Amino acid sequence: MKVYDLCCEHGHRFEGWFSSEDDFIAQSAKLQIACPVCGSSTFTKLLSAPRLNLSGARAPTADPHPALAAPWIRIARELMAHTVDVGDRFAEEARRIHYDEAPRRGIRGIATQAECRALAEEGIEVAPLPIPAGLNPH
C-alpha cells in the first residue's frame, strides 16, 4: 500500500492511498485523483516520511470515519451552492423569512446556541451543520 501526501493547485492538502506506484501513475494519467475539498485534479505529490511497519510499533491514530469525509464535503458544497450566506445575521434573517417579511429561500450563516434555542422556541427550524475547513468562507 502506498500512501502519498498530495496538494491541489488551490493549496488543499490530502492523502491518497494506492495499491502501488503504478496504480498512482495510472490514476493520475486518467485524472481519477481529485481534491476532496475543491475537486481539482491538478495536484502535486509532496515529500513525506516513509511509513514503516515495525514489529511492536503502534499504528498511527487515524480518522475514525475516513469514508464519510468525501461524501460530507460533496454535501457541504451542494448546500453552499443552493443557499445564501447571511453571515452573523442568520437568526434575524431566519425570523424575517419565517414571518414572511423576506422572500423564502435557503440560508446559512452563524448563530449562537442561545439564538438557535430562541428560534426553535418560536417554531423556526434550524439545523447546525459544520462546514469543512477550506470550504467555509468565514
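The values are calculated or read from the model by the stated rules, or taken from the named source; none is laboratory data. All values derive from a computational prediction rather than experimental measurement. Note that we place each Cβ from the backbone using ideal geometry, even for glycine, and neighbour counts take in every protein chain shown.
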| said: So E125 ticks every box in (1) under 30 Å from F14 (Cβ atoms); (2) of a type outside the set (S, T, N, Q); (3) modelled with pLDDT under 90 but one. Which box is left unticked? | reply: (1)
| Conditions (1) at pLDDT below 90; (2) in a loop (DSSP other than H, G, I, E, B): number failed by R104 | (1)
| Can you tell me which residue in the stretch 70-88 is farthest from V126 (Cα to Cα), limited to those that are out of contact with any helix residue (DSSP H, G or I) (no Cβ under 7 Å at 6 or more places or on another chain) and outside any helix (DSSP H, G or I)? | H82
| query | What residue, among those in the stretch 35-85 that are of a type in the set (V, I, T) and over 23 Å from I131 (Cβ atoms), is modelled with the lowest pLDDT? | reply | T61
| message | On the basis of being free of Cβ contacts under 8 Å to residues at least 12 places away in the same chain and surrounded by 14 or more Cβ atoms within 10 Å (Cβ to Cβ), does R77 make the cut? | response | no
